[in-house]
Amino acid sequence: MGRQVLVTGGTGYIGSHTVVELQAVGFEVIIIDDLSNSTADVVDNIERISGIRPVFEEFNLLDLGRLETFFEKYRGIEAIIHFAAFKSVGESVEKPLYYYRNNLVSLMNILDCMSKYNVPNLVFSSSCTVYGQPDQLPVTENTPKKDAESPYGNTKAISEEILRDVVKVARELNVIALRYFNPIGAHPSALIGELPRGIPNNLVPFITQTAAGIRQQLSVFGDDYNTTDGSCVRDYINVVDLAKAHVIAINRLITSINIDRYEFFNIGTGKGASVLEVVKTFEEATGVKLNYKIVDRRPGDVEKIYADTTIANTVLGWKAQTSLYDTLLSAWNWEKRIRNID
Ligand code: UFG
């Protein structure tokens, strides 16, 4: 039997890809997910890819009693990757308390149980959102954080502060926070990927749905930014590459003796791509012409952000491998499979 890792949010987009990568190197994975933004058939598809069915427990992490019962049952868990959180920027502006309660209380419940049941290692899903619009690019881990643009972003910033403070007093606890840039793409099998509910907010699901004919037209939000072609610049990271960073982080926590007890890393490619470059690369990779138009800027968007990944490269020994071209193709293959397009 492999070492046990709990993955909260393990049927979600990044979670499911991480479960597959953990299984590939021999970890025994237990998922907790309330299916609020995913479906149970993801567990079947994880099994199809890896040949191993992860244990799946369906409940909400706000239920501390239920979580304690869970830890009473699974005594061998050595590490936790905590993905489970709400992540829609716009929705968080509409429902701030809902976001703060869900994202912060679930983290606090996890931390309580880690102390009570002696689980020492945590990998936390953070985000480049903690940097806001940085004054200097690329952003390093030490770039000053700005006020969050949204309650969602603020839950990530506050979560990092909670972790920093708790690590100071919880002597057994070791934490790695991974600050993701923009995760995109899907598993090469096309069996798991990103499935947004309703109209997608994020660029790549909107692109693939437009290409599939589900959306009529992609709106490109602004072409008058101070960038090479005027559209916003982001650091788009392949979701499988991102998933692998979690496996490295888990191994580092489990095996290292000389690590800082609270570490954080930028996880991106180190390269910025504009919205129009993403559109063009998608068209080249897939041969599908995208119907798009330039519209006004989207309120709250940062102009450009991309990562300095030197610390992740050197300290974790992790580097993004997959090109934007291949990643966009994987996103399209996923969309085609779920929509039954040849
Ligand atoms: N965009 C469009 N049209 C769309 C959707 C997006 O032009 O239909 C543009 C956006 O304006 C932006 C880029 O595509 O320039 C990327 O937008 P996403 O919504 O995909 O991603 P964001 O960078 O806005 O958001 C991401 C994460 C959030 C996180 C945020 C922090 O999805 O979780 O970064 O900046 F909070």
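Here are a few things to note about the model shown:
- For E58, the conditions (1) among the acidic types (D, E); (2) open to solvent by 70 Å² or more (accessible area, probe 1.4 Å); (3) within 16 Å of the ligand (Cβ to nearest atom) all hold with the exception of (3).
- Filtered residues of region 168-185 (kept if farther than 11 Å from F124 by Cβ and more than 15 Å from the ligand (Cβ to nearest atom)): K168, V169, A170, R171, E172, L173, N174
- K244 fulfils the conditions (1) without any contact (Cβ under 8 Å) to a residue 40 or more places away in the chain; (2) assigned by TED's automatic domain parsing to the domain that holds T255; (3) more than 15 Å from the ligand (Cβ to nearest atom) except for a single criterion, (1).
- Only a single item in (1) modelled with pLDDT under 95; (2) out of contact with any Cys (no Cβ under 8 Å at 6 or more places or on another chain); (3) within 24 Å of S219 (Cβ to Cβ) is not met by V302, and it is number (2).
- With respect to the conditions (1) over 17 Å from the mean Cα position of the chain (by Cα); (2) assigned to a helix (DSSP H, G or I); (3) within 18 Å of A245 (Cα to Cα), V5 lacks only one, and its number is (2).
- Residue within region 152-160 that is open to solvent by less than 60 Å² (accessible area, probe 1.4 Å) and in a loop (DSSP other than H, G, I, E, B) present: no
- From the options D260, D235, residue that is closer than 30 Å to V169 by Cβ and either in contact (Cβ under 8 Å) with a residue 60 or more places away in the chain or assigned by TED's automatic domain parsing to the domain that holds I49 (or both): D260
- Candidate set from region 295-318 (those that are more than 16 Å from the ligand (Cβ to nearest atom) and outside any loop (DSSP other than H, G, I, E, B)); member that is surrounded by the fewest Cβ atoms within 10 Å (Cβ to Cβ): T314
- If the condition is being within 15 Å of E335 (Cβ to Cβ), over 23 Å from the mean Cα position of the chain (by Cα) and surrounded by fewer than 20 Cβ atoms within 10 Å (Cβ to Cβ), then region 189-217 contributes A212, G213, I214, R215.
- Answer residue from region 112-158, given it is more than 15 Å from the ligand (Cβ to nearest atom) and within 20 Å of the chain's Cα centre (by Cα) and is farthest from I248 (Cα to Cα) among those: T140
- Set T269, T255, T227: member being touching a strand residue (DSSP E or B) at 6+ places or on another chain (Cβ under 6 Å) and surrounded by fewer than 20 Cβ atoms within 10 Å (Cβ to Cβ): T227
- The single residue among D342, D296 that is more than 18 Å from the chain's Cα centre (by Cα) and either modelled with pLDDT under 95 or in the same structural domain as A245 (by TED's automatic domain parsing) (or both) turns out to be D342.
- Residue selected from region 283-294 under the condition more than 12 Å from the ligand (Cβ to nearest atom) and not polar (S, T, N, Q), by the criterion farthest from G153 (Cα to Cα): G287
- The one condition in (1) free of Cβ contacts under 8 Å to residues at least 40 places away in the same chain; (2) under 22 Å from M114 (Cβ atoms); (3) not in a strand (DSSP E or B) that G26 fails to fulfil: (2)
The values are calculated or read from the model by the stated rules, or taken from the named source; none is laboratory data. Keep in mind it's a predicted model, so treat the numbers as computed, not measured. FYI the Cβ positions are ideal-geometry reconstructions off the backbone, even for glycines, and counts take in every protein chain you see. What goes into the accessible areas is simple: the full protein's heavy atoms, side chains included, and nothing from ligands, DNA or RNA. Shrake-Rupley method; radii C 1.70, N 1.55, O 1.52, S 1.80 Å.
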